[in-house]
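Since the structure comes first, as structure tokens, the remarks are kept for the end.
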Amino acid sequence: MSAVNGHAAPGQAKAARKIPAKRKTPVLDVAIIGAGFSGLGTAIRLREQGITDIAILERGVEVGGTWRDNTYPGAACDIPSNLYSFSFAQNPNWSRGYSGSAEILDYIHHLVERFELRALMRFKHNVQGLTFDEARGIWTIQIAGKKNVYARCVVSAQGPLANPALPDIPGIDTFGGKTIHSARWDHDYDFAGKRVAVIGTGASAIQIVPALAEQVDFLKVFQRTLAWILPRPDYAAPDWNKTLFEKLPASQTVFRNALFYAHEAMATGVIWNTPVTRVLEGVAKAFLRHQVPDAWVRRQLTPQYRIGCKRLLVSNDYYPALMRDNVKLYTWPIDKICEKGIRTAEGIEHQVDCIVFATGFAVPKAAAPFPITGVGGRQLNDEWARGAMAYKSVNVAGYPNLFMTLGPNCGPGHNSALAYMEPQIDYIVQGIQTILEYELRALDVREDAQAKHNAQLQKRLARTNWNSGCASWYLTEDGFNATMYPGFATQYKKQMARFVNEDYRAIRFEPEFSRAVDA
């Protein structure tokens with residue numbers, strides 16, 4: 001007799017139904033978000049300590065971070081190459097004192113090959129959110145269009161200069177010509193014979209303007225914020241110098257240290273208001289007089305705020321580019337963007353074929369880069385709504401086993417970002433070693449330790465040039481400085497030298513930790 005309506009007929013034994021076993025997904029020891037300098041450096045240092053269960057989650061299709069994305073004409077670093085590189089992986093073959101973006105990207109690729117990091121990469125993994133499971137001590141990492149990734153520890157290394165920022169200008173979507181952001185350059189666009197506008201006069205703009213001036217028919221530069229500019233002591237590295245560094249690595253270390261301490265000395269005038277501040281302003285003004293003979297243009301290019309309050313720039317060719325016959329500087333505020341160009345506040349419409357937005361990045365001063373859910377469902381976006389805060393730039397209370405590189409208040413105003421990044425990475429490695437060695441479910445910085453650290457930071461920041469009254473991307477809208485570190489790089493390195501266990505709550509596993517979760 002057959003079954004009826006899916007049920008066995010009377011007297012017929014029900015066939016045993018096989019229940020499929022739940023598939024298990026492995027839990028990584030460490031997931032690193034971002035394959036730029038800090039993500040790669042963290043992976044290198046972790047593996048040197050025997051921690052190998054690592055994955056690097058990268059939203060792009062290749063490594064490089066900001067140096068992969070910023071390929072605009074003239075792109076280069078404003079820190080000497082021998083200082084803008086890892087001390088444990090120095091490159092003796094830099095072609096110039098200040099190398100271009102392509103050469104820096106080559107160095108990053110060299111790191112990947114030298115330290116065999118390619119196997120750790122998971123490209124096209126765009127992280128959309130993090131959620132901490134308190135019971136299991138596991139971070140769930142949501143990936144756009146892909147399965148979740150699970151890890152005991154997460155290192156957020158996507159960097160502050162990851163997402164391009166467009167200015168808040170009315171009509172920005174109405175322009176009928178070509179628009180290009182400096183961090184998303186269109187190399188197929190032909191600038192020859194074009195009338196082009198550049199909006200912005202910051203770090204990327206002063207590199208783009210000289211390069212574009214040689215290609216376009218006419219270039220209009222719309223100045224939004226004045227900047228103090230110093231000469232850049234660039235040079236072509238001679239072959240004997242490269243040979244010396246290769247044959248005698250200690251000589252390169254000595255040179256690197258000399259560069260480091262020279263930049264440290266700059267802090268006495270950039271961070272604080274001292275007689276050195278006046279010296280630096282005098283040098284900048286003399287440089288401006290030397291390169292810009294027109295007194296009216298010099299007046300338009302002379303900042304009225306203290307040097308160091310905004311980012312200090314270096315360039316040898318920006319001022320001369322503004323003096324070209326086919327380049328014009330405009331200082332009237334932009335009223336709106338129209339279909340055919342840009343209208344400034346005095347009512348003039350500047351018609352152009354292309355607008356280049358050299359307007360920088362959306363630096364996360366008051367928001368997390370993506371939703372992050374910590375202990376008890378707390379949201380990092382809510383806690384950072386009035387300004388980002390962390391403990392030593394690396395940990396945030398209530399978000400155990402989560403580490404950041406280049407987090408809040410570690411920004412350098414005078415030295416290489418890598419001089420801050422390296423001690424951060426070493427500190428993070430100590431924290432991860434503690435979690436793995438002692439089989440901790442959670443390692444969470446204490447709220448009182450974080451509050452004390454930030455109270456001291458903000459007290460010191462109040463005495464710096466960054467907090468002296470000008471508006472800058474260092475500050476939130478209400479003036480909170482969530483970005484910069486108020487001291488020397490040597491001081492920052494000293495604070496990161498020891499992992500202070502007393503400032504953390506350590507929670508062990510009960511029962512024993514499972515190495516996998518249900519898929």
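The values are calculated or read from the model by the stated rules, or taken from the named source; none is laboratory data. Since the model is a prediction, treat every value here as computed from it, not as a measurement. Neighbour counts run over all protein chains shown; Cβ positions are idealised from the backbone, glycine included. Please note that ligands, DNA and RNA were not included when accessible areas were found on the heavy atoms of the full protein model with its side chains. Shrake-Rupley method; radii C 1.70, N 1.55, O 1.52, S 1.80 Å.
Computed values, structure above
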item: Which listed residue is farther than 30 Å from I169 by Cα and part of a loop (DSSP other than H, G, I, E, B), from N241, N316; result: N316
item: Tabulated pairs, the range 230-245, first under 12 Å from D317 (Cα atoms), second open to solvent by less than 50 Å² (accessible area, probe 1.4 Å) and of a type in the set (S, T, N, Q), C-beta under 9 angstrom, 6+ apart or interchain; result: L230/S315; P231/Q291; P231/S315; R232/S315
item: Residues of the range 211-238 classified as assigned to a strand (DSSP E or B), out of contact with any Leu (no Cβ under 9 Å at 6 or more places or on another chain) and either under 28 Å from C470 (Cα atoms) or open to solvent by less than 40 Å² (accessible area, probe 1.4 Å) (or both), total; result: 0
item: Checklist (1) open to solvent by 20 Å² or more (accessible area, probe 1.4 Å); (2) in a loop (DSSP other than H, G, I, E, B); (3) closer than 22 Å to H414 by Cβ; (4) touching a helix residue (DSSP H, G or I) at 6+ places or on another chain (Cβ under 6 Å) applied to W67, failing item; result: (2)
item: Every residue from the range 313-329 that is open to solvent by 40 Å² or more (accessible area, probe 1.4 Å), touching a residue at least 40 places away in the same chain (Cβ under 8 Å) and closer than 18 Å to R299 by Cα; result: P320, R324, K328
item: Of the criteria (1) open to solvent by 30 Å² or more (accessible area, probe 1.4 Å); (2) over 24 Å from E264 (Cβ atoms); (3) touching a Cys at 6+ places or on another chain (Cβ under 9 Å), which one V375 fails; result: (3)
item: Some residue of the range 283-293 being closer than 26 Å to S38 by Cα, open to solvent by less than 30 Å² (accessible area, probe 1.4 Å) and among the small types (G, A, S); result: no
item: Where S393 falls short, out of the listed (1) open to solvent by less than 10 Å² (accessible area, probe 1.4 Å); (2) part of a loop (DSSP other than H, G, I, E, B); (3) in contact with a Phe, Trp or Tyr (Cβ under 7 Å, 6 or more places away or on another chain); result: (3)
item: Any hit, the range 425-448, residues being at positive phi and part of a helix (DSSP H, G or I); result: no
item: Single match in W272, W332 (criterion: touching an Asp or Glu at 6+ places or on another chain (Cβ under 7 Å) and either in a loop (DSSP other than H, G, I, E, B) or open to solvent by less than 50 Å² (accessible area, probe 1.4 Å) (or both)); result: W332
item: Close pairs (6 angstrom Cβ cut-off, 6 or more residues apart or separate chains): under 19 Å from K493 (Cα atoms) and modelled with pLDDT of 95 or more in the range 418-447, among the charged types (D, E, K, R) and in a loop (DSSP other than H, G, I, E, B) anywhere; result: none
item: Any pair with Cβ under 7 angstrom, 6 or more apart, that starts in the range 275-301 at a residue that is more than 21 Å from D317 (Cβ to Cβ) and ends at one that is open to solvent by 60 Å² or more (accessible area, probe 1.4 Å); result: T277/R306
item: Unique residue being in a loop (DSSP other than H, G, I, E, B), under 30 Å from Q128 (Cβ atoms) and either modelled with pLDDT under 90 or basic (K, R) (or both) when the list is A21, A16; result: A21
